[in-house]
Amino acid sequence: GTELYASVSIGISLYPADAADAGGLLRNADAAMFRAKRAGPRGYVVHQADDSDARSKLSLSTRLRKAVDQQSWTLHYQPLIELGTADMYGVEALIRWPDPNGGMLAPGEFIPLAEEMGLIDAIGGWVVEEIGRQDAIWRAEGIELEIGFNLSPRQLWQDDPVGRIARQIRAAGIDPARVTVEITESTAMNDPDHTLEVLHGFKDQGLRLAIDDFGTGYSSLSRLRYMPVDVLKIDRTFVREVNSDPQSASMVSAIIALANNLGMEPLAEGIETQDEWRFLADRGCPFGQGFFFSRPIPAEQITAMHRRAGLHVIDGGLAI
């Protein structure tokens, strides 16, 4: 037969020092177990009364599982802009989790935990389904936009990522030619051979591909030139310093030239000022996104923006 090896992480809670009832003991043991998992396999942690981080994570995980069951998410969309005209041609879909205490939780606040808990495929499936629902509404109103969404590292490494995403997109009724799948540069270069295989699979399905946060992940240029990538997204850390740091300006100019020479579309992330916009447009960067044009906003605001027939930039701001 097949030999299987298992490892355990143990959380310990003591009666009556940690709690006087079974429910309290279990909660404290769960919190200690999260710390044990974080420390690595085959370990144990004894509950400490001030273990607030673990308790907070335990609380978040409970809420997260409930949110997956109830699909209590929403999507906001950040406009993608043609820098030469300041017209919107597409959007990037970004998941948000409404906080019961007010505000919204951004992906970085819960996606890593969702990956750890094995919930990311359910969340990713909801994102594609919701994109399809909103795209149908827009098309019925005569609005046709390119739509991008982010693929997390765990989604890239799950079984048959191409088949899963392709089935979800077909079920959502979206034209794959208008869909851009985004992965970060660091994710792409973690295992370039696996990434290359997956990216070619996505291209075979007719999808567009983007490398996100480019410039921060130590890409091998010899690998990059073989990747079937459509868009190279320049990381915001370089963009925000183009007018104050000569090295950042040189880096951005070099990435724009690299993308153009490789037949990819350069897109600048995190544009926050008119000077940054002008610098990028002057250097031949055709596309961008950032708070200068718009923060991520609900779908109905995208609809209103599109009806104005483009973003009209005046006096360093936006005509809303």
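Every read-out reported here was derived from the displayed coordinates using simple, explicitly stated rules and does not represent laboratory data. Everything numeric in this text was worked out from a predicted model, so none of it was measured. Using ideal geometry, Cβ is built from the backbone for each residue, glycine included, and neighbour counts are taken over all protein chains shown.
A few notes on this one:
- Sequence-separation-based contact order of the chain, relative, with Cα cut under 8 Å and 6+ spacing, percent: 15
- Charge tally in the Cβ shell below 12 Å around Asp235, where Lys, Arg are +1 and Asp, Glu are -1, Asp235 excluded: -2
- Restricting the range 200-276 to chymotrypsin sites (Phe, Trp or Tyr not before Pro) in coil, as DSSP defines it, with at most 10 other Cβ within 10 Å: Tyr218
- Other residues lying with their Cβ under 14 Å from the Cβ of Glu144 contribute a combined charge of -2, Lys and Arg counting +1, Asp and Glu -1.
- Net charge of neighbours whose Cβ lies under 12 Å from the Cβ of Leu105, counting Lys and Arg as +1 and Asp and Glu as -1: 0
- Gaussian network model of the chain, springs between alpha carbon atoms under 10 Å - residue of Gly132, Gly43, Gly270 with greatest fluctuation: Gly43
- Sites counted here are GluC sites (Glu not before Pro) in a DSSP loop (not H, G, I, E or B) having no more than 16 other Cβ atoms within 10 Å; the longest part of the chain that contains none of them is 4-140.
- Distance between the C-alpha centres of the range 283-306 and the range 176-192: 21 Å, rounded to the whole angstrom.
- Taking the number of Cβ atoms within 10 Å of each Cβ as an exposure proxy, the fewest-first ranking of Ile256, Ile169 is Ile256, Ile169.
- Top of Leu258, Leu221, Leu156 by mean-square fluctuation, Gaussian network on the chain, Cα under 10 Å: Leu221
- Length released on extending from Ala304 to Gln205, taking residue separation times 0.36 nm less the Cα-Cα span: 32.5 nm
- Taking the fewest neighbouring Cβ atoms within 10 Å as the starting point, the ordered list for Thr180, Thr187 is Thr187, Thr180.
- Entry for Rg and Dmax of the Cα atoms in Å (calculated from the structure that is shown) out of (1) 21.7, 82; (2) 20.0, 61; (3) 22.4, 73: (3)
- Considering only the range 68-318, percent of DSSP beta bridges that pair antiparallel, nearest 5: 40
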